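The values are calculated or read from the model by the stated rules, or taken from the named source; none is laboratory data. Worth saying up front: this structure is predicted, and the values here are computed from it rather than measured. Heads up, the Cβs are rebuilt from the backbone with ideal geometry, glycines too, and the neighbour counts pull from every protein chain shown.
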Amino acid sequence: MKRFIKFADGLLIVSFCLILLSVFSGTGRRGNVVSNGVLDIGSVGLSSPVPMTGAWEFYWGRQVSPQGKITDADNKQLVQVPANWTAYRDADNQACSQEGYAVYRVVLKARKGLFLGVKIPQIGSSYRLWIDGNVRFESGRVGKNAAESRPEWTTQSVFFQTQREDTEILIEVSNFDYFRSGLTIPVVVGTQQQIQRLGDQGLFMDTFLFSSLFVMAVFFLLLYFVRSHDKAHICLALFAAAISLRPLLYGECYFNKIFPGINFEFNTKLYLVNFLVIQLMCLFFYYQYEGLSSRRFMRVSGAAVFAIVFVGVFLPARYMIYPVVLLEAMIPVAVANCLVTLVRAMRKKYESAEINLLSVLLLFFLSVVDILKNNGLTEISLYYTPIAMLVVTFIQVFLQVGRFRESDLLNEKLVNEVRIKNLKLEYEMKQRSITEKLNNGLRAMVSALETEDLLVSILENLYQIIEFESAVMVLRVNENLGYIVTKRNHEKVVCRRHSGKIVLRDQNRSESQNGSEKVRMHDLYTRDKEGKSLIAKPLYYNQNLFCVIKMIVSKSREISVGDLELVDIYTEQSILALQNAKSYEKIKEFALYDELSGIYNRRQLMKLGIMEYISAKEAGCDFYAMMLDIDLFKTINDTYGHLFGDKIIKNIANICKRCIPVSAVVGRYGGEEFLIFLKDMEKASVSRLAEKLNREVKSCSYSYEGHDDIRVTVSIGVAKGKKELVNLYDLINRADKALYLAKNEGRDCVRWFEQE
């Protein structure tokens, strides 16, 4: 037994030194990196994730509009983050109240195209994250009062690509339900891989602490019922079970992810369970060293702790600060009682009294560190109390094993149970990681409507699932259009639009075969004899092959059946998304273009015309409206039929598209009328363009049911925008008058509007 105690002493001292080193190294990390609301990634560097501490812009009593702008942003303040916003002052130099709403703003300076991520911590008590004017994540519901807002505990990692050198991040926060408000924990920025790794590490740490403490709680519980019937073991079991909740409630908030709809008040009150460990620790030493601790003290302290916890349970969460402060104040009292008991035990030569004394000092020191962290008095990245309690609890397990080993009463079945639980934990973590990758991919796929965005998203998420060396994805939209998407290693996905016929064949599929195709994997050998694997997945819709995905993976990376099944599930889900994207493109085409002529319809023409007109006025350049009308079009329809008339409209539309400059806008204004908007051109150039259109139309000949050399002419009216014109419709009206002037002067000519 003495060897066990010596080893436990050494283990505790080493653990204490490592934790102490971690605490002091954590406080010496980077200082404030945000200055005047700006974080320069280039100067800070991204060798590791960066906590965004420093001077943020703060807008008290403001919200973000649906357009992504801060409403009434005249009360900007620079505040230190992280901190409880009650430490800030409003425009009237009054302390910000605990209840309220505000907007935090910071600008990231980074090169364009950089893939970044931000890890959002717990924020009291609801928030909405905006990046470059777009909502990227929302926890709960942000509101101006308690009725509008809904609190929720959530941590989230959000990934994005910088679209320009300055990326704006807004965090809209409201709090009417919690006693800590605003960004009390720093937001962390880094590369996507760093933030993903940071979240995985945090999740691993939280689940590891929970599972380890929970298993130890089960160990002591079984030890009590099966073998010892020692009340000290019950206290240790409850001690480990109570503290095991803390890693789930904080850090990665895994408890909220397991129970996403849990009541906020109930979730917050679970924090009070942690303070029961004060009394449980005293009870453990009371039963461990019977007769050395005061029974009266145990009764009084126990009644006080349970009374405060009971009151805290029924108080609203925003008033929880009062029971929390009282319970924190009881920690040194409980520690003093334990120290007195342990000193008496050491005098009486009790085994393990010395190591228990060191354990109490370690727990007290780290409890003080955590309290200082909660109140913003120190900057460290971890809560050390659960880690210390894990070490202390583990040492108690170690001592109990030593006692039972000497008497040959150790139950090996419990050790196997611990191993099985750890294996299950690893398996569950792996399954959760796979499921999270699949869910992230599906969410990104569902949110994309544009075909190109969807294809890029599919290939990016496949890379997250299987990490291929290179991949190609070929999509056939119709007989004349397709897409070719490629990606190599960590490079950006390249999506190219292919105008032409794409032929896809699946030689391994029989004609009688129905349903979807599974993922296929084949061996490849390169010139340098390096082994590689080809993973192929054909996609069918209504028994038609419309897409093929091929990925090359090095054989050094083990591909499991689970990986292939995950790829199969994800790609099968993408079929419907690709069909939806194709439908969306068709709908968008119908909404913007005239079905007969293939040029803009009147609604889109006017929308673009107004934009170009305003742009020309702001730039001070010339703007023209040119109106074309097919001469005697009714006679043509009556003589040759409407199908022939449609043919003429299509041809004239093609002539317009071919002749006008790229910057011009052309559309079908009415039945046989076309309207062209021109910007930043000389009047002589516009006149030459109008004459060219007139000649091109006149030079075309048509044939119809034995009638050859049928020719059509157009009349053209042109008007130039003047300073006195209020809007675009006045300019169109003038072009229309010029058109009628051309009609009245014999048709087949070009006329300009002249001011009367």
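Key figures
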quantity: The lone exception for E57 - which of (1) surrounded by fewer than 16 Cβ atoms within 10 Å (Cβ to Cβ); (2) modelled with pLDDT of 90 or more; (3) within 17 Å of D166 (Cβ to Cβ) it fails; calculated: (1)
quantity: Breaking point among (1) in contact with a Cys (Cβ under 6 Å, 6 or more places away or on another chain); (2) within 21 Å of G124 (Cβ to Cβ), for Y319; calculated: (1)
quantity: Qualifying residue in the stretch 642-662 (condition: over 49 Å from the mean Cα position of the chain (by Cα), charged (D, E, K, R), in the same structural domain as D736 (by the TED database) and at pLDDT 85 or above); calculated: yes
quantity: Residue list for the stretch 119-141, filter: charged (D, E, K, R), in contact with an Asp or Glu (Cβ under 8 Å, 6 or more places away or on another chain) and part of a strand (DSSP E or B); calculated: R128, R141
quantity: Test: residue in the stretch 557-568 that is over 31 Å from the mean Cα position of the chain (by Cα) and of a type in the set (A, V, I, L, M); calculated: no
quantity: Among (1) at pLDDT 75 or above; (2) exposed (fewer than 11 other Cβ atoms within 10 Å of the Cβ); (3) under 16 Å from V474 (Cβ atoms), the one test that I535 misses; calculated: (2)
quantity: Complete set of residues in the stretch 57-76 that are small (G, A, S) and free of Cβ contacts under 8 Å to residues at least 40 places away in the same chain; calculated: S65, A73
quantity: Within the stretch 551-565, considering residues that are in a loop (DSSP other than H, G, I, E, B) and among the small types (G, A, S), the one nearest to I465 (Cα to Cα); calculated: S560
quantity: Residue list for the stretch 478-496, restricted to those being part of a strand (DSSP E or B) and surrounded by 12 or more Cβ atoms within 10 Å (Cβ to Cβ); calculated: L481, G482, Y483, I484, V485, T486, K487, R488, V494, C495
quantity: Answer residue from the stretch 284-297, given it is surrounded by 16 or more Cβ atoms within 10 Å (Cβ to Cβ) and not hydroxyl-bearing (S, T, Y) and is farthest from V397 (Cα to Cα) among those; calculated: F297
quantity: Test: residue in the stretch 276-293 that is on the phi > 0 side of the Ramachandran plot, at pLDDT 80 or above and in the same structural domain as N356 (by the TED database); calculated: yes
quantity: Test result for T71, under 23 Å from E138 (Cα atoms), at pLDDT below 90 and polar (S, T, N, Q); calculated: yes
quantity: Any hit, the stretch 731-750, residues being in a strand (DSSP E or B) and buried (at least 18 other Cβ atoms within 10 Å of the Cβ); calculated: yes
quantity: Candidates S699, S685 - the one that is hydroxyl-bearing (S, T, Y) and closer than 21 Å to F633 by Cβ; calculated: S699
quantity: Pair list, Cβ under 9 Å, 6 or more apart: the stretch 331-351 residue farther than 10 Å from Y289 by Cα and touching a residue at least 12 places away in the same chain (Cβ under 8 Å), other residue in a loop (DSSP other than H, G, I, E, B) and of a type in the set (G, A, S); calculated: N337/S293; N337/S294; C338/S293; V340/S293; V340/S294
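Residue-wise test of (1) part of a strand (DSSP E or B); (2) surrounded by fewer than 20 Cβ atoms within 10 Å (Cβ to Cβ); (3) among the small types (G, A, S); (4) touching a Pro at 6+ places or on another chain (Cβ under 6 Å).
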residue: G113; (1), (2), (3), (4): no, yes, yes, no
residue: G143; (1), (2), (3), (4): no, yes, yes, no
residue: A147; (1), (2), (3), (4): no, yes, yes, no
residue: T167; (1), (2), (3), (4): yes, no, no, no
residue: I171; (1), (2), (3), (4): yes, no, no, no
residue: G190; (1), (2), (3), (4): yes, no, yes, yes
